[in-house]
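Student: Let me begin by handing over the structure; questions about it come next.
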Amino acid sequence: MHTVLQSPGESRSTINEQLTKADKIRLLRDMYRIRRFEQTSLKYYNLGRMGGFLHLYSGQEAVAVGTISLLGENDHVITAYRDHGHALAAGMSMNECMAELFGKATGCSKGKGGSMHFFAPDKRYWGGHGIVGGQTPLGAGIAYALKYKHIPGCCLCYLGDGAINQGAFHESLNLAALFQLPVVYIIENNGYSMGTSQKRSSAYKGSLAERAEAYNIAWDVFIGEDLYEVRNRTNIAVERARKAQQPTLLEIQTYRYYGHSVADANAKKYRTSEEIDDYKNNHDPLQIFGKALLNEEVLTQADIQEIDKAAKEEANAAVAFAEESPLPQESDILTDVYWEVDNQTEAAKHGSYFFNS
Amino acid sequence: MALITYREALRTALDEEILRDENVVVIGEEVAQYNGAYKVTEGLWAAHGDTRLVDTPISEAGFVGMGIGAAMLGLRPVIELMFWSFAYVAFDQIVNNAGCVRYMSGGLLNVPIVIRGPANGGTNVGATHSHTPENLLANMPGLKVVAPATAYDAKGLLKTSIRDNDPVMFMENTLLYGEKWEVPDNEYLIPLGQADIKRPGSDVSLIAHGRAVLTCLKAAELLAAEHDIDAEVVDLRSIRPLDEETVLNSVRKTHRAVVVEEGKPFCGIGAQLASTIQERAFDDLDAPIGRVAALDAPAIYSPPLEKRQLPDPQRVIEKVLRLS
């Protein structure tokens, strides 16, 4: 399944040559931060400190960090429910993310969204969406607004391999091509649509991204374990969006170490432990990028250990922050429903908005 | 004052708001070059061009969701649904995205979108094209629901809805598009959440929205002429926010209430109103609250029968007379 197809007519980008040593260390640090954030959140989920679902990103770090590292002040991100990695890569703090998982008022969404619904519009990060494929028309809309306002930016819209079979995604591809929208759809293909393998869930010829052919959209498919490669290949699509206002469909092949969610009772039944171990031992994105930086003499093994240690400490500090934070008040249940009501505008002065007896 | 159609009133509202705010963009099936499936947008594409009037493929989930995403970044899309019945293929986008993203982000964003189109039965197009989803959507905190009964209200409410910073579900009626009312030439706005007494009366309150208001007005005329009953007609205009005070004040005056809607009765707007009235004006009531709604089945095709399925003045009158 890990065949690499070159996008026809595109030359390889030189985007990685522009990275400074400090940039490279930051990228590795961001991957470790995601890895340790997820491990720590799993620990406290299992201790009963948070509710609901927890979809962990571990194993896929090079995708979020690599792709989002390409973005500038005019570029936007929107993703699905496995959203912690993208949130941290977009610049959200561990504190606000962990507090959200704990359902605390200091969470990024004041404890109103939970694991699947992290938001940070100030960082041009538009969620965190719980319904499979539901975010894909929104991604087109963000790109639509950019184009409408003549802003030379793009929107990266992530989805899983399971989401490609939702009608809303096909409608979005058609609209993106028809209106020539600067959106990059990124299928993070971790091989499993919850517990159903790619072959059992999707009809396809060579790859999932090849479906873009039907909409006359440029596409590419590549392995997402090497952060440099992720940046190289994604940058072509980002530039295509920014400069030519054209969409791209990318399929980045990756792997998740845990189940679909922590509540996935069959996580070790539909995948062999050999398959999971092979990825961890031979394809782990943190190990691969760490080794690359060692070879480049950007840092030492001791530096990597220090980065890892700092990431663990940051995650533990985020837990302490979350534990100490207050819960939302009961009165908070009824705020953030309507903008006009929250802002006590003239428009909100008439009629009843809530019907609690 | 000019006598204009409900359709022209909507068109004028769109035209004025397009001119007023560069972020207003009308998006939907056949809204531009075709001039609108029901001609609401006729002439607007010629006047404002491709940027402001955007034809879409038949992809309600796609273009409704696209509008929501664009609204998150500050555009004010007015999405036309050829029928509100077609919203059902975009239900996830409307409910989960337009309705919930503000809440789930802890108030970090808002969605200033209007989704508009006809939501009515009575045109012999069968059940799939005859849905009246105002109760479904008013059940979703985060969404606003508006249903004008006249050209005057249609214009004033649509302009307000476009300027509103929350998602507004704007429900029109194909049977009203060609009807005419007096509409002022100067600009005016009607706030959401403000009901209107369309006919003052002292004996019974007929409470309705949309075309059912006109049914109630006819019923009120007949009640006065044939039964010496003076009915007050309360037009809700907006379902959520809901002007409960005007409803309650009317009932406190007349001591009798009949709630009338073209939607289905179960969990309908009338059920909500009846609950509110009995809870807050029970002592003022001299009779149980009456309800009149569409007969509780999918919309029938057969033209003479569909007329019977929807509330008509006779059914309203019968209900009033049975209140005693």
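The values are calculated or read from the model by the stated rules, or taken from the named source; none is laboratory data. Every value quoted in this text rests on a predicted model; they were computed, and no experiment measured them. Every residue, glycine as well, gets a Cβ built from its backbone with ideal geometry; the counts of neighbours run over all protein chains shown.
Student: State which residue pairs qualify: first residue without any contact (Cβ under 8 Å) to a residue 12 or more places away in the chain and more than 7 Å from chain A (Cβ to nearest Cβ) and inside region B:100-121, second residue among the charged types (D, E, K, R) and part of a loop (DSSP other than H, G, I, E, B) in any location, beta carbons under 7 Å apart, and separation of 6 or more residues or different chains.
Tutor: none
Student: I would also like to ask the following. Go through region B:272-307 residue by residue and tally those that are of a type in the set (Asp, Glu) and closer than 21 Å to B:Ser202 by Cβ.
Tutor: 3
Student: Does any residue of region A:276-297 turn out to be in contact with a strand residue (DSSP E or B) (Cβ under 8 Å, 6 or more places away or on another chain) and either under 29 Å from A:Asn174 (Cα atoms) or modelled with pLDDT under 95 (or both)?
Tutor: So far as region A:276-297 goes, no, none of its residues is in contact with a strand residue (DSSP E or B) (Cβ under 8 Å, 6 or more places away or on another chain) and either under 29 Å from A:Asn174 (Cα atoms) or modelled with pLDDT under 95 (or both).
Student: Considering only residues that are outside any helix (DSSP H, G or I) and within 18 Å of the chain's Cα centre (by Cα), look in region A:231-252 and name the one that is farthest from A:Gly141 (Cα to Cα).
Tutor: Initially, region A:231-252 is screened for residues outside any helix (DSSP H, G or I), giving A:245-252.
After this cut, where a residue has to be within 18 Å of the chain's Cα centre (by Cα) as well, the list is A:248-252.
Working: A:Thr248: 15, A:Leu249: 16, A:Leu250: 18, A:Glu251: 21, A:Ile252: 23 Å.
Of everything passing the filter in region A:231-252, A:Ile252 is farthest from A:Gly141 (Cα to Cα).
Student: Which one is nearest to B:Val260 (Cα to Cα), of the residues in region B:300-324 that are over 20 Å from the mean Cα position of the chain (by Cα) and not in a helix (DSSP H, G or I)?
Tutor: B:Ser324
Student: Check whether at least one residue in region A:54-71 is in a loop (DSSP other than H, G, I, E, B) and free of Cβ contacts under 8 Å to residues at least 24 places away in the same chain, and report yes or no. Spell out the reasoning first.
Tutor: First, the residues of region A:54-71 that are in a loop (DSSP other than H, G, I, E, B): A:54-60, A:69-71.
Filter once more, keeping what is free of Cβ contacts under 8 Å to residues at least 24 places away in the same chain: none.
The answer is no, given that none of the residues of region A:54-71 is in a loop (DSSP other than H, G, I, E, B) and free of Cβ contacts under 8 Å to residues at least 24 places away in the same chain.
Student: Going through region A:114-129 one residue at a time, which ones are more than 7 Å from chain B (Cβ to nearest Cβ) and either more than 25 Å from A:Leu146 (Cα to Cα) or under 14 Å from the mean Cα position of the chain (by Cα) (or both)?
Tutor: The first filter runs over region A:114-129 and keeps only residues more than 7 Å from chain B (Cβ to nearest Cβ), leaving A:114-116, A:118, A:120, A:122-125, A:128-129.
Residues satisfying the conditions are A:Gly114, A:Ser115, A:Met116, A:Phe118, A:Ala120, A:Lys123, A:Arg124, A:Tyr125, A:Gly128, A:His129.
Student: Same structure again: Could we say that B:Ala147 is surrounded by 21 or more Cβ atoms within 10 Å (Cβ to Cβ), within 14 Å of chain A (Cβ to nearest Cβ) and without any contact (Cβ under 8 Å) to a residue 60 or more places away in the chain here? Write out each step before concluding.
Tutor: Working: surrounded by 21 or more Cβ atoms within 10 Å (Cβ to Cβ): yes; within 14 Å of chain A (Cβ to nearest Cβ): yes; without any contact (Cβ under 8 Å) to a residue 60 or more places away in the chain: no.
Judged against the criteria, B:Ala147 is not a match.
Student: Let me ask you something else. Could you please let me know if A:Asp75 is in contact with a Gly (Cβ under 6 Å, 6 or more places away or on another chain), more than 8 Å from every other protein chain (Cβ to nearest Cβ) and either under 22 Å from A:Asn16 (Cα atoms) or of a type in the set (S, T, N, Q) (or both)?
Tutor: yes
Student: From the set of residues in region B:54-72 that are surrounded by fewer than 24 Cβ atoms within 10 Å (Cβ to Cβ) and facing chain A (nearest Cβ under 7 Å), which is nearest to A:His150 (Cα to Cα)?
Tutor: Within region B:54-72, the match that is nearest to A:His150 (Cα to Cα) is B:Pro57.
Student: Determine if region B:231-244 includes at least one residue that is surrounded by fewer than 23 Cβ atoms within 10 Å (Cβ to Cβ), in a helix (DSSP H, G or I) and within 14 Å of chain A (Cβ to nearest Cβ).
Tutor: Yes, region B:231-244 contains at least one residue that is surrounded by fewer than 23 Cβ atoms within 10 Å (Cβ to Cβ), in a helix (DSSP H, G or I) and within 14 Å of chain A (Cβ to nearest Cβ).
Student: Separate question: Hey, can you tell me all the residues within region B:77-106 that are within 27 Å of A:Ile333 (Cα to Cα) and either touching a helix residue (DSSP H, G or I) at 6+ places or on another chain (Cβ under 6 Å) or β-branched (Val, Ile, Thr) (or both)? Steps first, answer last, please.
Tutor: Residues of region B:77-106 within 27 Å of A:Ile333 (Cα to Cα): B:90-106.
The answer is B:Ala90, B:Gln93, B:Ile94, B:Val95, B:Asn97, B:Ala98, B:Val101.
Student: A follow-up question, please. With the structure loaded, tell me whether A:Ala322 is within 29 Å of A:Gly51 (Cβ to Cβ) and touching a residue at least 40 places away in the same chain (Cβ under 8 Å) or whether it fails that test. Step through it out loud before you land on a result.
Tutor: Numbers: within 29 Å of A:Gly51 (Cβ to Cβ): yes; touching a residue at least 40 places away in the same chain (Cβ under 8 Å): yes.
When the stated conditions are applied, A:Ala322 passes them.
Student: Tell me, yes or no, whether region A:179-201 has at least one residue that is over 30 Å from A:Ala265 (Cα atoms) and among the charged types (D, E, K, R).
Tutor: Checking region A:179-201: not a single residue is over 30 Å from A:Ala265 (Cα atoms) and among the charged types (D, E, K, R).
Student: Name the residue, out of A:Ala310, A:Ala317, that is more than 8 Å from chain B (Cβ to nearest Cβ), farther than 21 Å from A:Cys108 by Cβ and not polar (S, T, N, Q).
Tutor: The conditions single out A:Ala310.
Student: Then there is this: Residue check, A:Leu249 against (1) away from every other protein chain (no Cβ under 14 Å); (2) over 30 Å from B:Gly74 (Cβ atoms), all met but one. Which one?
Tutor: (2)
Student: Another question, if that's okay. Looking only at residues in region A:173-194 that are assigned to a loop (DSSP other than H, G, I, E, B) and within 14 Å of chain B (Cβ to nearest Cβ), which one is surrounded by the most Cβ atoms within 10 Å (Cβ to Cβ)? Walk me through how you get there before you give the answer.
Tutor: The initial filter retains those residues of region A:173-194 that are assigned to a loop (DSSP other than H, G, I, E, B), namely A:179-182, A:190-191, A:194.
If we keep only those that are within 14 Å of chain B (Cβ to nearest Cβ) too, we end up with A:179-182.
Numbers: A:Phe179: 19, A:Gln180: 14, A:Leu181: 26, A:Pro182: 30.
Top of the filtered list is A:Pro182.
Student: Follow-up. Filter region A:320-357 down to the residues that are closer than 30 Å to A:Tyr45 by Cα, touching a Gly at 6+ places or on another chain (Cβ under 9 Å) and surrounded by 13 or more Cβ atoms within 10 Å (Cβ to Cβ) and list them by number. Walk me through how you get there before you give the answer.
Tutor: Of all residues in region A:320-357, those closer than 30 Å to A:Tyr45 by Cα come to A:320-337.
Among the residues that remain, those that are also touching a Gly at 6+ places or on another chain (Cβ under 9 Å) are: A:322, A:325, A:327-328, A:332, A:335-337.
Within region A:320-357, A:Ala322, A:Ser325, A:Pro328, A:Asp332, A:Thr335, A:Asp336, A:Val337 qualify.
Student: When A:Lys199 is evaluated against the numbered criteria (1) more than 10 Å from chain B (Cβ to nearest Cβ); (2) within 17 Å of the chain's Cα centre (by Cα); (3) more than 30 Å from B:Glu22 (Cα to Cα); (4) of a type outside the set (Asp, Glu), which criterion, by number, is the only one it fails?
Tutor: (2)
Student: Moving on to the next point. When only residues in region B:123-135 that are under 18 Å from the mean Cα position of the chain (by Cα) and surrounded by fewer than 20 Cβ atoms within 10 Å (Cβ to Cβ) count, which is nearest to the other protein chains (Cβ to nearest Cβ)? Lay out the reasoning, then the answer.
Tutor: Let us first name the residues in region B:123-135 that are under 18 Å from the mean Cα position of the chain (by Cα), namely B:123, B:129-135.
So of that shortlist, the ones also surrounded by fewer than 20 Cβ atoms within 10 Å (Cβ to Cβ) come out as B:123, B:129, B:133.
Numbers: B:Thr123: 27, B:His129: 20, B:Pro133: 18 Å.
Once the filter is applied, the top-ranked residue is B:Pro133.
The rows are residues; the columns are (1) within 8 Å of chain B (Cβ to nearest Cβ); (2) surrounded by fewer than 23 Cβ atoms within 10 Å (Cβ to Cβ); (3) in a helix (DSSP H, G or I); (4) among the β-branched types (Val, Ile, Thr).
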site	(1), (2), (3), (4)
A:Glu100	no, no, yes, no
A:Ala105	no, yes, no, no
A:Cys108	yes, no, no, no
A:Lys112	yes, no, no, no
A:Ile131	yes, yes, no, yes
A:Pro137	yes, no, yes, no
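Rundown of residues vs (1) without any contact (Cβ under 8 Å) to a residue 60 or more places away in the chain; (2) within 27 Å of the chain's Cα centre (by Cα); (3) away from chain B (no Cβ under 14 Å), yes/no style:
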| residue | (1), (2), (3) |
| --- | --- |
| A:Asn282 | yes, yes, yes |
| A:Glu297 | yes, no, yes |
| A:Gln344 | yes, no, no |
| A:Lys349 | yes, no, no |
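Student: Checking the condition surrounded by fewer than 21 Cβ atoms within 10 Å (Cβ to Cβ), over 16 Å from the mean Cα position of the chain (by Cα), aromatic (Phe, Trp, Tyr) and within 22 Å of A:Asp30 (Cα to Cα), which residue from A:Tyr228, A:Tyr257, A:Tyr270 passes?
Tutor: Values: A:Tyr257 fails: over 16 Å from the mean Cα position of the chain (by Cα); A:Tyr270 fails: within 22 Å of A:Asp30 (Cα to Cα).
Just one listed residue meets the conditions, A:Tyr228.
Student: OK, next. Kindly provide the set of residues from region B:177-201 that are under 27 Å from B:Leu137 (Cβ atoms), more than 14 Å from chain A (Cβ to nearest Cβ), out of contact with any Ser or Thr (no Cβ under 6 Å at 6 or more places or on another chain) and surrounded by fewer than 22 Cβ atoms within 10 Å (Cβ to Cβ), ordered by number. I'd like the intermediate steps shown before the answer.
Tutor: Going through region B:177-201, the residues under 27 Å from B:Leu137 (Cβ atoms) turn out to be B:177-179, B:181, B:183, B:188-198.
Adding the requirement that they be more than 14 Å from chain A (Cβ to nearest Cβ) leaves B:177-179, B:181, B:183, B:188, B:197-198.
If we keep only those that are out of contact with any Ser or Thr (no Cβ under 6 Å at 6 or more places or on another chain) as well, we get B:177, B:179, B:183, B:188, B:197-198.
Of everything in region B:177-201, those that are under 27 Å from B:Leu137 (Cβ atoms), more than 14 Å from chain A (Cβ to nearest Cβ), out of contact with any Ser or Thr (no Cβ under 6 Å at 6 or more places or on another chain) and surrounded by fewer than 22 Cβ atoms within 10 Å (Cβ to Cβ) turn out to be B:Tyr177, B:Glu179, B:Tyr188, B:Ile197, B:Lys198.
Student: What about B:Val204, is it crowded, with 24+ Cβ neighbours inside 10 Å, outside the structural domain of B:Phe170 (by TED's automatic domain parsing), aliphatic (A, V, I, L, M) and more than 30 Å from B:Ser161 (Cα to Cα)?
Tutor: Numbers: crowded, with 24+ Cβ neighbours inside 10 Å: yes; outside the structural domain of B:Phe170 (by TED's automatic domain parsing): yes; aliphatic (A, V, I, L, M): yes; more than 30 Å from B:Ser161 (Cα to Cα): yes.
Yes, satisfied.
Student: Restricting attention to helices (runs of 4 or more DSSP H) lying wholly within region A:269-357, give those where 3 or more residues are closer than 22 Å to A:Leu19 by Cβ and small (Gly, Ala, Ser). It would help to see each step written out before you state the result.
Tutor: On the way: elements: A:273-282, A:285-295, A:301-324, A:339-342.
Ranges flagged: A:301-324.
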